[in-house]
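Report on one structure; see the data block that follows.
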Amino acid sequence: MTVLDNFIAFARALPAERREAVEDTLAALMYSYAERFDFTQDELAELRRRAAETDPALSDPDHIANLFGKPFRA
């Protein structure tokens, strides 16, 4: 039996009120795989360019704290 087969058996055995949450989560996961969320070729090129950067510039810690509402420490 595959993991998917096991999952389906698990979900089917749940009571209806618990199965709804599993179905909602699975629907959200499937939705997140929609092509509209894929990176464009330009975005992929930019990600490759940034990943190849040998001396990246890091964001100012104050900018990060303002963005997330708290400081992050390395």
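The values are calculated or read from the model by the stated rules, or taken from the named source; none is laboratory data. Just so you know, these numbers come straight off a predicted model, no measurement behind them. Ideal geometry is used to build each Cβ from the backbone, glycine not excepted, and the neighbour counts take in all protein chains shown.
Which residue is farthest from Phe72 (Cα to Cα), if the candidates are limited to region 40-59 and must be outside any helix (DSSP H, G or I) and not small (Gly, Ala, Ser)?
At the first step, the residues of region 40-59 found to be outside any helix (DSSP H, G or I) are 40, 53-59.
Next, only the ones that are not small (Gly, Ala, Ser) stay: 40, 53-56, 58.
Values: Thr40: 30, Glu53: 23, Thr54: 23, Asp55: 21, Pro56: 18, Leu58: 13 Å.
Across region 40-59, the extreme among qualifying residues is Thr40.
With the requirement that a residue be within 21 Å of the chain's Cα centre (by Cα) and of a type outside the set (A, V, I, L, M), what does region 48-61 give you? Spell out how you get there, then give the answer.
Step one: of region 48-61, the residues within 21 Å of the chain's Cα centre (by Cα) are 48, 50-51.
Within region 48-61, Arg48, Arg50 meet the criteria.
Would it be correct to say that Phe10 is at pLDDT 90 or above and either surrounded by 10 or more Cβ atoms within 10 Å (Cβ to Cβ) or not in a helix (DSSP H, G or I) (or both)?
Numbers: at pLDDT 90 or above: yes; either surrounded by 10 or more Cβ atoms within 10 Å (Cβ to Cβ) or not in a helix (DSSP H, G or I) (or both): yes.
Criteria met by Phe10.
I need a count of the residues in region 14-48 that are in contact with a helix residue (DSSP H, G or I) (Cβ under 9 Å, 6 or more places away or on another chain) and among the hydrophobic types (A, V, I, L, M, F, W, C).
Counting residues in region 14-48 that are in contact with a helix residue (DSSP H, G or I) (Cβ under 9 Å, 6 or more places away or on another chain) and among the hydrophobic types (A, V, I, L, M, F, W, C) gives 5.
Among the numbered criteria (1) more than 21 Å from the chain's Cα centre (by Cα); (2) surrounded by 10 or more Cβ atoms within 10 Å (Cβ to Cβ); (3) small (Gly, Ala, Ser), which single criterion is violated by Ala45?
Failing condition for Ala45: (1).
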